[in-house]
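Written out below as structure tokens is the structure these notes cover.
Any read-out appearing in this document is the output of simple, stated calculations on the displayed coordinates, not a laboratory observation. Model, not experiment: these values are computed from the prediction. Here the Cβ is made from the backbone with ideal geometry for all residues, glycine too, and neighbour counts use every protein chain on show.
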Amino acid sequence: MLETDLPPLYLKGRRLLPIVQGGMGVGVSAHRLAGAVARLGAVGTIASIDLRHHHPDLVAQGKHCRDKAALDKLNLVALEREIKAALDTARGEGLVAVNVMKAVAEHAALVRQACASGAQAVVMGAGLPLDLPELAEGFPEVALIPILSDARGIGIVLKKWMRKKRLPDAIVIEHPRYAGGHLGAPRPEDINDPRFDFPGVLESVFQLFKDMGIEREQIPLIPAGGINTYEKIRDLLALGAAAVQLGTPFAVTEESDAHPNFKKVLAEARPEDIVTFMSVAGLPARAVLTPWLANYLRRESKLQGDAKSHPERCASGLHCLTQCGLRDGIAKAGQFCIDSQLAAALRGDIGKGLFFRGSESLPFGAAIRPVRELLEYLLNGSKPALS
Ligand SMILES: Cc1cc2nc3c(=O)[nH]c(=O)nc-3n(C[C@H](O)[C@H](O)[C@H](O)COP(=O)(O)O)c2cc1C
């Protein structure tokens, strides 16, 4: 485990570095990244969505297939392989978690597969994870970690889970103004609301714990979004956070599972290139304004005007989302196939891909460096010599 003066994070009795690498789909955080992070004593997270893209044999089996059940099965096989490979790399160090988005139609099967394949934690966001305790039933050793954005959402989840005699093992608090991917603010105009600022949310959640008779230490709180310096981490831990979660800085590491072009697009994006827009999942999202996104946004209002519900509108046949703006004709949501666009980004197709990214600058600028150097900087403030 790397050295640091920062206090450790405890999860299910394991002593960990207080850094969590957030789940990043499609395929950006798979076994290579999550395993490398865990190996150094921190929390590495595999994003469970559509992992077959990393397995040529499974891609071949799914080619020209539009049978949802068959495609889902291939993705469960891929998830099992990725978890086993990450645990192998971690060699008993750190923690290997699996991220499951509640908005994904197969979320229940993905949680069950993650638990059965040996994931040490399940992290669930993009919707309220009210049913997570039941889905993970029979696996009491697996830590359950919701992702939420404000004290109100945390209160709802706590009340529901306490009736089931279960508490979250930690809670990730993701700030919609800074995070990459889908954002936890229901409407675009809420993204900058000060109610999401970390100091206020931490204070309100500690008060909520007190009112509900929960000790502070029982549920570690993990802020996420825009955390890009050692100083920010130190300050958040001083406010009572138990760890922090980062996405974008890990997406551009050497070990990140995405194509080098993916890392280049994220690392070289200027502040004015990073935009928020409505995703097909009905949530705002943040990404880099690459050619596909710029073109889509130019046509967005026309496409939304033409929205109509039809199962054949699901381009991949995967029917990945419970509710999809394109397939279900929801005019106020996005009108594109998110699975195809994210898969194109993972492959490094700069022209066609959708490249999720957080809003803030990166610790090492445009440099692509190993996970070890990133963790050393986050834990101690020491930067490598960058050419
Ligand atoms: C490329 C990318 C993909 C992401 N995919 C997911 C995902 O599948 N599920 C999820 O819960 N969060 C996802 N996120 C959010 C991250 O896990 C993380 O919480 C967030 O990006 C933190 O903000 P930061 O990027 O400023 O560090 C994604 C973020 C990025 C940059």
### Query
What size of dipole, in debye to the nearest 20, comes out for the chain about its Cα centre when the only charges are +1 on Lys and Arg C-beta atoms and -1 on Asp and Glu C-beta atoms?
640
### Query
Arranged by the count of other C-beta atoms within 10 angstrom, fewest first, what order do F250, F209 take?
F209, F250
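Of all DSSP beta bridges in region 40-165, what percent run antiparallel (nearest 5)? Present the calculation step by step, with values, prior to reporting the outcome.
Working: 0 of 14 bridges.
The antiparallel fraction comes to roughly 0 percent.
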### Query
Counting Lys and Arg as +1 and Asp and Glu as -1, each charge on the Cβ, what is the dipole of region 266-346 about the Cα centre in debye, to the nearest 20?
220
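What does the helix-only formula give at 222 nm for the chain: each DSSP H stretch with n ≥ 4 adding -39500 (n - 2.57), the total divided by the residues, and the result rounded to the nearest 500 deg cm²/dmol?
-10500 deg cm²/dmol
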### Query
Mean separation of Cα pairs under 8 Å and 6+ residues apart, divided by the residue count of region 266-346: what relative contact order is that in percent?
32
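What shape does region 188-310 take by its C-alpha gyration tensor, where a ≥ b ≥ c are the square roots of the eigenvalues and a/c under 1.5 counts as rounded, a/b above b/c as prolate, and the rest as oblate?
Values: a/c = 2.64, a/b = 1.54, b/c = 1.72.
Taking the square roots of the gyration eigenvalues as a ≥ b ≥ c, region 188-310 is oblate.
Of all alpha-carbon pairs in region 176-256, indicate the percentage at a distance above 19 angstrom.
Details: 1494 of 3240 pairs.
For region 176-256, the share of Cα pairs beyond 19 Å comes to 46 percent.
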### Message
Mean-square fluctuation check for the chain, GNM, Cα pairs under 10 Å: which of A60, A85, A285 is largest?
### Response
A60
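Between M212 and S382, what is the FRET efficiency for a Förster distance of 45 Å, r being their Cβ-Cβ separation, to the nearest 0.05? Intermediate values should be presented prior to the final figure.
Details: r = 40 Å, r/R0 = 0.89.
Result of the calculation: an efficiency of 0.65.
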### Message
From the Cα trace of the chain, what convex hull volume per residue do you get, rounded to a whole Å³?
### Response
127
### Message
Which one, L9, H53, I19, projects farthest toward the positive side of the charge dipole computed for region 1-77 from Cβ point charges (K/R +1, D/E -1)?
### Response
H53
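Using 0.36 nm per residue, how much length does the chain from S204 to Q323 gain when fully extended, once their Cα-Cα distance is taken away? Can you show the working numbers first?
Working: separation 119, 0.36 × 119 = 42.84 nm, distance 3.16 nm.
39.7 nm is the gain from fully extending S204 to Q323.
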### Query
For the chain, the longest stretch holding no trypsin sites (Lys or Arg not before Pro) located in a DSSP loop with at most 10 other Cβ atoms within 10 Å is which?
166-307
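Below 10 angstrom from the Cβ of P8, what's the summed charge of the other residues (Lys, Arg +1; Asp, Glu -1)?
On the way: positive: R14, R15; negative: none.
Summing Lys and Arg as +1 and Asp and Glu as -1 gives +2.
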### Task
Quote the Stokes-Einstein diffusion coefficient, in whole µm² s⁻¹, for region 73-218, based on the Kirkwood radius over alpha carbon pairs, a temperature of 20 °C and a viscosity of 1.002 mPa s.
132
### Query
If you count the DSSP beta bridges with both ends in region 159-317, what percent of them are antiparallel, to the nearest 5?
60
### Task
Rounded to the nearest 0.05, what FRET efficiency do E300 and A60 give with R0 = 30 Å and r taken as the Cβ-Cβ distance? Could you check?
0.30
### Query
Over the alpha carbons of region 266-346, what is the largest minus smallest coordinate on each principal axis, giving the biggest first in Å?
38, 25, 19
### Query
Stretch D5-R347 to full length: gain in nm at 0.36 nm per residue minus the Cα-Cα span?
119.3 nm
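Once you sort the root eigenvalues of the Cα gyration tensor of region 6-48 as a ≥ b ≥ c, which label holds: rounded (a/c under 1.5), prolate (a/b larger than b/c) or oblate (the other case)?
Working: a/c = 2.51, a/b = 2.22, b/c = 1.13.
Prolate is the answer for region 6-48, as a/c is 1.5 or above and a/b outweighs b/c.
Treating only the Cβ atoms of Lys and Arg (+1) and Asp and Glu (-1) as charged, compute the dipole magnitude of region 1-115 about its Cα centre; round to the nearest 20 debye.
Dipole magnitude for region 1-115 comes out near 220 debye.
Order of I368, I171, I145 from fewest to most other C-beta atoms within 10 Å? The partial results should precede the final answer.
Values: I368 15, I171 23, I145 27.
Arranged by neighbour count, lowest to highest, I368, I171, I145 become I368, I171, I145.
Only loop residues by DSSP count here, and only those with at most 10 other Cβ atoms within 10 Å; note down the GluC sites (Glu not before Pro) in region 1-88 that meet that. Spell out each step's value before the answer.
Numbers: sites: E3, E80, E82; in loops: E3.
Answer in residue order: E3.
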